[in-house]
1. Go through region 819-855 and report how many residues are over 28 Å from Glu914 (Cβ atoms) and not in a loop (DSSP other than H, G, I, E, B).
2. Somewhere in region 120-131, is a residue assigned by TED's automatic domain parsing to the domain that holds Thr212 and under 30 Å from Ile255 (Cβ atoms)?
3. I'd like to check something: does region 257-264 contain any residue that is in a helix (DSSP H, G or I), assigned by TED's automatic domain parsing to the domain that holds Glu528 and within 30 Å of Ile117 (Cβ to Cβ)?
4. If a residue has to be more than 21 Å from the chain's Cα centre (by Cα) and either part of a loop (DSSP other than H, G, I, E, B) or more than 17 Å from Leu120 (Cβ to Cβ) (or both) to count, how many in region 194-203 make the cut?
5. Please tell me if Ala131 is touching a helix residue (DSSP H, G or I) at 6+ places or on another chain (Cβ under 6 Å), in a loop (DSSP other than H, G, I, E, B), among the hydrophobic types (A, V, I, L, M, F, W, C) and modelled with pLDDT of 90 or more.
6. Within region 39-56, is even one residue out of contact with any Cys (no Cβ under 6 Å at 6 or more places or on another chain) and part of a strand (DSSP E or B)?
7. Conditions: (1) buried (at least 18 other Cβ atoms within 10 Å of the Cβ); (2) of a type in the set (Val, Ile, Thr); (3) in contact with a strand residue (DSSP E or B) (Cβ under 8 Å, 6 or more places away or on another chain). Val754 meets all but one. Number of the miss?
8. Check region 815-823 and report whether any residue there is over 28 Å from the mean Cα position of the chain (by Cα) and of a type outside the set (D, E, K, R).
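The values are calculated or read from the model by the stated rules, or taken from the named source; none is laboratory data. Fair warning: this is a prediction, and the values are worked out from it, not measured in the lab. Backbone-built Cβ (ideal geometry, glycine too); neighbour counts: all protein chains shown.
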Amino acid sequence: MVMIKNSAWRKNNIREIKYTLERYLAIVLIIALGVGFFSGLKITQTAMVKTLDSYVLNQQMYDYKLISTLGLSNEDVEYFSSQDGITAEGAISMDFIADMGIKNDLVLKAHSITDKINHLAIKSGRMPKAANECVLDARIFSEDMIGTKIRMASSNEEDIFDAFTYREYMVVGIADSVNYLNYDRGTTSLSDGSIYGFVYMPIEGFSTDYYTEILVRLDGYYEVYSKEYNDFIAQKEKTLKEDLEMRGELRHQEIVDEASQKVLEAEKEYKEAYEEYLSKKADSEKELNEAYKKLKEAEEEIRKQEEKLKEAEDKIAEGEKDYKKSLKEYEKSYRDYETQKTNSLAQLESRQKELDLNRETVTKAIEEIEESGIINQHNQLSENILKLEAALLQIEDAESEEYIAISSQLKEAKAGLTDIEASGVLEKYSELKETLTKLDKGQYELDREKKEANRKFEEAYKQLAAAKESLNKAKVQIENNKEEIASGWEAIKEAKAEYEKGLKEYKEGKEEAHKSFAEAKEEFKKVEEEIDKGWKEVEDIPTAKVYMLNRNQNMGYASFENDSAIVDGVAKVLPFFFFLVAALVCLTTMTRMVDEQRTQIGTLKALGYSDAAISGKYVAYSGSAAIVGSVLGYFLGTKYFPMAIWKAYGMLYGFSSIEYVFDLKLALFSLAVALICSAGVTYISCKSELLMMPAQLIRPKAPKAGKRVLLEYIPFIWKRVGFLHKVSIRNILRYKRRFFMTILGIAGCTSLVVAAMGISNSIRNIVNDQFDTIMKYDYNISFTEAFNKEERKNFIEKNSDILSECVFILSDEIEVVDDNKIKKATVVATDDPNITNIIGLHMDSKTLPYPKDGKATISDRLAEEFKLKPGDTITIKINEVDTTDIEIGSIFENYVGNYLLMTGQTYKALFNKEVQYKNAYATSNNEDLYKVSASLSKDENVATVSVTDDLRNMVNNMMQSLDAIIWLVILCAGALGFVVIYNLNNINITERSREIATIKVIGFYSRETKEYVFRETVILTVIGSLLGLGLGKLLHSFIMDQIKVEAISFKEQIFASSYLIALIVTFMITFLVNLILRRKIERINMTESLKSVE
């Protein structure tokens, strides 16, 4: 044997690659496609799991969540923390209705922030520091919420308020929680039954004295979902379960003791309160009796005062009568007084005038006499006489001259006096004087009479004035008495009013007291019953039901495992086609290459080269192509396939960017499969040739003996087939290996396109089907309070101008369970027969009736998940502990969400509570749906209005996220088809170059030559594509069974247009390849081709 010791052999091999680069690149490309598709899909699950594993590890996700129906204490946390290999931390979670200005009755789940387990991943802002600070759900809320406040809505129950330290919390950041890996936020008994998002706050933000759960993390690390991890946590499960049950028993005893103490305290308080009640009752009755006695006394006093007032009124009436009589007498006396006074004064005045006249006359006469001097003269004479007589008496001598002179004077004086007296003037003067004296006396008498009259009149006047004053006083007294009496009556009226008020108050007080005492007695009776009930409840306090939930029971964690396994499921099938086609292509290519180089192989063998060296040349050729293709395909596939698929799942899981994973085992396996598909089939091709002798190999291979084909046994068909067509048919059936390889390659390409288009058909139309034929309502309206029948009727009539249909429903989120599965579903309950106008119930194009009482209609996805059929029962979770069953009446087609439809009576019987119609489905003929929505939102009873178009758009966007996978498959299928058809056609032309040269020599035109060559390709394409349609249907069914997304179901369907498109794509690839290879046919040298055998 010739040993290979120089580089000439390697150069020859390299030269072989250079001269057949087109063939070499075809192998590289087909291997790269197969390896890239397989490794990319296969590594996607690993990358997704690795991404989650890193996230779970960084965030320290719990391994177990311990829950007790009676709550958990610090002692429980300390107990579990004290065990080896365990980290335990108490946590609180509580649902509440938040007021955030987004919508009414928005339910959030509040969690306490833990230090060691379930770390938060802050996306923006910071961690809470104060007890009244919090962070929000980053998947639901944006950064704009930072700095705002979450307020607890007034619609929360009192026990929920009591569970929180504050009524409002400041948002300081948004975060992701490892407890919520996907969009699902769970269900609740509050509001509409669904949780909108989560909020985390320091444990001081809660005011409860117990934990709702204990998070447990085991020391040690194993990859998520791995058998090692499941075995690892299973080791502790039994011990933890036993310890949790033991702690539950202790907690139960503690609660029993506390409850017993409370009942005892209640009994003590009851006895004290009852004694106080009896004392207060006695005091109250005493007060009421005293009040009644005072009222009676007041009534008697009022009666006496009325009698006195009546007597006083009688006296006043009599006094008023006397007053009027006296007034008349006074007036008469006054008139008499005035008359008498006037007459008396007139008489006195007349006498005064007469006296004055007489006085004037007398006085005038006296004045005349006095003016005559006679009186003075008389007086002087009389005085002189007296003086003279006195002087004479003094003179003793009567004879003396003096005496005589005086006597003479005396005598003269007496003579003059006598003459005067004799004249009668003195007498008259005396009479006048006497008259004047009389007049003075008369004047005096008159003045006296005047004075007396005035005195009498004054006295009379005074008496009259006194009488008048007395009358005025009497009148004033009467008026005062009247006022006093009026005041008295007013006082009596007020007293009566006060009495009536007091009597009313007494009666009300008595009635209230009796009522209060009756109520108190009833309350005491109730308290007695409550105490008895308390003791019974103490006796009936259930033992703690404990639950130990591992990660696999976390909705997001479990869903992620299922969803990541979908890609792995696809990777189990699709790459098989690629590798199968790659193996066929490599087998065909290398078989043709070996056939072409039979002479060279025979020569090398004759020269002494070993079979191993000769076969090694061809194995190295295809093997190197496989290695290059594997490396290229592996790194491109593992880089971009996971990224594209992760993006498709981004709406469900967005907690991190997907990690790149290099899997050496996968790389080596992909390389091994590629080498088997290339080098392996190459070795098989060479082995059959190397068994021959060199002389046989150097000579051209004898053509295969011709055989009659099946059509030749059908003369009436075969005779009508043209010569060239007969040649094409014989050629197709003569080279069976090439026949089957070409058909399988084309069928694989077509089936992949059919499957990809089928995926598109299955997901794209579900939006229209869901919202046009199933959930046909335009609005989902929620109300602030449940409506009664009259209120529902009024609302429909009020909005009849904008709503064409309006059906009131109860909508509630529940969980459907079986032994090892939990699924969320929405219960829709109503007794309105118009519900069938709003929700279209169909199955296999048949219309279904709305379920009757006692049965439920469920969505097909839910039935499929739990393997249910009509007549079976479905189990519904009522609360954390209890479940109930209901019979399935029918199953309807539905694509978005899981639903249970039932009547109101069924709901009432199932959940043991009244149907609260707080939602309505409505349709509108108005083109502007949002204008109608705004109008409805103005109603004070409307809490929120959800426009179905929003959900339609969201689902549509979600479906579009799967386009990456669809286009990926279509692109790879197209590339695979192109490479397969190109490579097989290229081999076909190369193999038949002498035949093509011959038909050129005998005069075939260029077009006829090409038709002759490509006719076989077209026939094989038709056969392969038709076979591919059937394979595509099967492949599509398998893929659709694998790619299931939570809350979305797909309608497995492939449109006729998709089959047509698959055929068009396959034929387009065929015609494109034929177009490219036309030049190769034109470049065939007829002389060299015909001499090639030599």
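1. Going through region 819-855 one residue at a time, the tally reaches 4.
2. Yes: region 120-131 contains one or more residues that are assigned by TED's automatic domain parsing to the domain that holds Thr212 and under 30 Å from Ile255 (Cβ atoms).
3. yes
4. Count: 1.
5. So Ala131 passes the test.
6. For region 39-56, residues out of contact with any Cys (no Cβ under 6 Å at 6 or more places or on another chain) and part of a strand (DSSP E or B): absent.
7. Evaluating Val754 over (1) buried (at least 18 other Cβ atoms within 10 Å of the Cβ); (2) of a type in the set (Val, Ile, Thr); (3) in contact with a strand residue (DSSP E or B) (Cβ under 8 Å, 6 or more places away or on another chain) leaves (3) as the failure.
8. The answer is yes; a qualifying residue exists.
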